[in-house]
Amino acid sequence: MARIRPATPDDAAGIARVHVDSWRSTYAGIVPAEYLAGLSYERSTANWERSLGSPESRSVYLVAEDESGRIVGFVCGGPGRDEHPDYSGELYAIYLFRENQGQGIGRLLMTALARELLARGYASWLIWVLKDNPARGFYERMGGVYVMEKDIEIGGVKLREAAYGWPDISVLVIENVESEHHGKRDSTES
């Protein structure tokens, strides 16, 4: 099973690899191929180093490591960026290598992030997901409810995003604890 821990600036290259590879595998056929081909581990690493090293950041960054210590997934979240009146927090991103999906790691990452954000006073959150993202079902199975949609542009193409909300993220923590006690795992998650 994966180990979840806080991310450090030293994790930037591992997070960047997960981020770039996940975009390429998840968004193939959705996001323009030229845009995906142009993603760079080096640029992504530099961006993650800045984010993880920022002392002003109010965001939470967590990584999932496999038994060998290799980063196989990550999650980040913090204050809501849309100032939605019903959702104080936001799950900004959650990604796993394709081969590590369906093992319960996504659930562990979301639960750990929920614990951290609850401790910081955020009781609810939104996540924005590309409408054509095949992982949308994971968010629904995790209890997310459809809230709204908006258009965004990626690589010169207009795409639709859907927001899923959790009005009470403490449910994620409670449900995961109950699942662990009953030996249940969601094998269909992202």
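Every read-out reported here was derived from the displayed coordinates using simple, explicitly stated rules and does not represent laboratory data. Everything quoted here is computed from the prediction, not taken from an experiment. Note that each Cβ is placed from the backbone with ideal geometry, even for glycine, and that neighbours are counted across all protein chains shown.
What to note about this one:
- Order of Val157, Val173 under a 10 Å beta carbon neighbour criterion, fewest first: Val157, Val173
- Listing Phe74, Phe97 from fewest to most neighbouring C-beta atoms within 10 Å gives Phe97, Phe74.
- About the Cα centre, charge dipole magnitude for the chain (Lys/Arg +1, Asp/Glu -1 at Cβ), debye: 140 debye
- Cut-off 12 Å between beta-carbons: net charge of the residues surrounding Thr26, Lys and Arg +1, Asp and Glu -1: +1
- Each of His19, His84 has some number of other Cβ atoms within 10 Å of its Cβ, and from fewest to most they run His84, His19.
- Calculated Rg/Rh (Cα atoms, Kirkwood Rh) (choose from [x] 0.96; [y] 0.94; [z] 1.00), label: [y]
- Karplus-derived 3J(HN,Hα), 6.51/-1.76/1.60, for each residue of the stretch 54-68, Hz, glycine and proline x: 6, x, 7, 4, 9, 8, 10, 10, 10, 10, 10, 10, 7, 4, 8
- Whole-Hz couplings from phi, Karplus 6.51/-1.76/1.60, listed for the stretch 163-171; x for Gly and Pro: 9, 10, x, 10, x, 9, 6, 5, 4
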